[in-house]
1. Can you pull the semi-axes for the stretch 30-87, root of five times each eigenvalue of the Cα gyration tensor, sorted largest first, whole Å?
2. Within the stretch 1-28, which residues have the backbone N less than 19 Å from the label spot 7 Å out from GLN155 along Cα→beta-carbon, could you tell me?
3. Would you kindly calculate the mean projected area, averaged across all directions, of the convex hull enclosing the Cα atoms of the stretch 1-58, in square nanometres?
4. Over the chain, give the accessible area per residue in Å² for a 1.4 Å probe, as an integer.
5. Say a site is exposed when it is one of the GluC sites (Glu not before Pro), sits in a DSSP loop, and has at most 10 other Cβ atoms within 10 Å; what is then the longest site-free stretch of the chain?
6. Based on the alpha carbon coordinates of the chain, what radius of gyration and maximum Cα-Cα distance (Dmax) apply, in Å?
7. Quickly rank 30-36, 71-77 as a protection proxy: mean count of other C-beta atoms within 10 Å, highest first.
8. Across the stretch 40-57, in residue order, what do the Karplus-derived ³J(HN,Hα) couplings come to in whole Hz, using 6.51 cos²θ - 1.76 cosθ + 1.60 with θ = phi - 60° and x for Gly and Pro?
Amino acid sequence: MKKVLKVLAGIESVVCTATFIIMLTFCFFQVLNRNIFKIPLGWTEELSRFSMVWMALLGSELGLRKGKQMAVDAVVSKLSFVPKKIVECLGCIISGAFAGVSGYYAVQFVASNITNGQIAPALNVPMWIVYLILPISLFLMFLFEVYNFFHILLQKREQTDEEGLSLIHISEPTRP
């Protein structure tokens, strides 16, 4: 599963970077166009907006994967090994369940958009393509939380030597 997550992370990074470049390029072009060329091109704004949505959702999943999301762990960090492990596992279960259920409904939402044939007004592309990022990012979050849950569950207790110095550190879960 780690190899699959690593490949998915690579693809995610490329798509996130590409959508950022698209957004940045067309936002810059809009400014130039508005102030210099004065050519009315509405599709550039729509493409920038859709790219930003894709980048934000993929970026939030990448942030979760790398442990860069905001978290208040003042209480959890003070817990001993077993209670800390229980709280972290519960957090993974709750986050994973939310992502999985939301992803399920996102798939239904995309399917309904495929059947109703909604089209983006300026770009003339089907809106289901734009909305497809919802189930993709949510199911990636779900997969990561499942991986993280088992990683936390299989962690070993920290060992110390006779002076009380740590020999094996419990580290943050390795991010694929």
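The values are calculated or read from the model by the stated rules, or taken from the named source; none is laboratory data. These numbers were taken from a predicted model, which means no experiment stands behind them. Cβ coordinates were reconstructed from backbone atoms using ideal geometry, including for glycine residues, and neighbour counts include every protein chain displayed. These area figures cover heavy atoms from the full protein model, side chains too; ligands, DNA and RNA do not enter into them. Shrake-Rupley method; radii C 1.70, N 1.55, O 1.52, S 1.80 Å.
1. Three semi-axes, in Å: 47, 11, 6.
2. 2, by backbone N distance to the label point.
3. For the Cα atoms of the stretch 1-58, the hull's average projected area reads 3.9 nm².
4. Each residue of the chain exposes 65 Å² on average to a 1.4 Å probe.
5. Looking at the chain, 1-161 is the longest stretch - no exposed GluC sites (Glu not before Pro) with at most 10 other Cβ atoms within 10 Å.
6. Expressed in Å, the Cα Rg and Dmax of the chain come to 21.4, 76.
7. For the peptides 30-36, 71-77, the packing ranking is 30-36, 71-77.
8. x, 10, x, 5, 5, 5, 5, 5, 4, 5, 5, 5, 5, 4, 4, 4, 5, 6
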